[in-house]
Amino acid sequence: MCYICGKSRNKIAHSQNCGYVKLIPVENRKVFERRQMANDAGYEYCKCCSSIMKYVRNEKRALEDYCRATGIRYTFNRGDGSLDIKSKIDDWKIITKGVNNVVMLYHKNQYDGEEESVIPGYHRQKVFRTSLVKYMEYIAGHDIFRELNPLDQGKKKSKRNSTYDRRQSSVGKKKADKMSKIRKLRKQNRKDSKNRFAEIAYWEYENIAL
């Protein structure tokens, strides 16, 4: 459930525990039963009551120190309520989901054909850390790994293409096995034909000799 001010030009939606809700006159308050309904109506997340920003405020000094040391930048995205992160190499998003506000890390896709995701253009990193700073450390480590192991842009393939290649390889192997069996069968037939011809010739020779 979230609240909005019906007469405000700033299309910001607030959670029911947000302090700004008390500042909205009761007669101007409007309620959305679900957050998605407010988003669909064009309302953005409130920076003060956003669950991800609560994590940021709790770790503000440690986050600023770490980001200053590593060059990582983060900003709050009012559109989807996420924390947009820009590292030296990649783009990331951190969101909270569910009643317990579980923190999830998403990485911008590096190739086409990625499966459907909660955040279009991003795929979830299946990692769990106990704080935002720990997630930043993971991102920094990921950058180091990518610097040491750069992706070959010319050879990157989507999952769909990789699956297609495997299928084609399997089909080619089956065809090769089939052709091999056919060649073996033909060779055996030629051998059998020679044997039959030899038997007939020998039988005729025996009859003539008799």
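Of all residues in the stretch 85-100, how many are of a type in the set (S, T, N, Q) and farther than 21 Å from Glu64 by Cβ?
So in the stretch 85-100, the residues of a type in the set (S, T, N, Q) come out as 87, 96, 100.
So of that shortlist, the ones also farther than 21 Å from Glu64 by Cβ come out as 100.
Residues that pass the stated criteria total 1.
Kindly indicate whether Ile85 is at pLDDT 85 or above and within 24 Å of Gln36 (Cα to Cα). Full working, then the answer.
Numbers: at pLDDT 85 or above: yes; within 24 Å of Gln36 (Cα to Cα): yes.
When the stated conditions are applied, Ile85 passes them.
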Among all residue pairs at least 6 apart or on different chains, which show Cβ distances below 8 Å where the first residue, located in the stretch 133-152, is part of a loop (DSSP other than H, G, I, E, B) and the second is polar (S, T, N, Q)?
-> Leu151/Gln110
Candidate set from the stretch 15-34 (those that are at pLDDT 75 or above and closer than 17 Å to Met53 by Cα); member that is surrounded by the fewest Cβ atoms within 10 Å (Cβ to Cβ) | Gly19
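The values are calculated or read from the model by the stated rules, or taken from the named source; none is laboratory data. Not measured: the values here are computed from a predicted model. Positions of Cβ are backbone-derived with ideal geometry, glycine not excepted, and every protein chain shown enters the neighbour counts.
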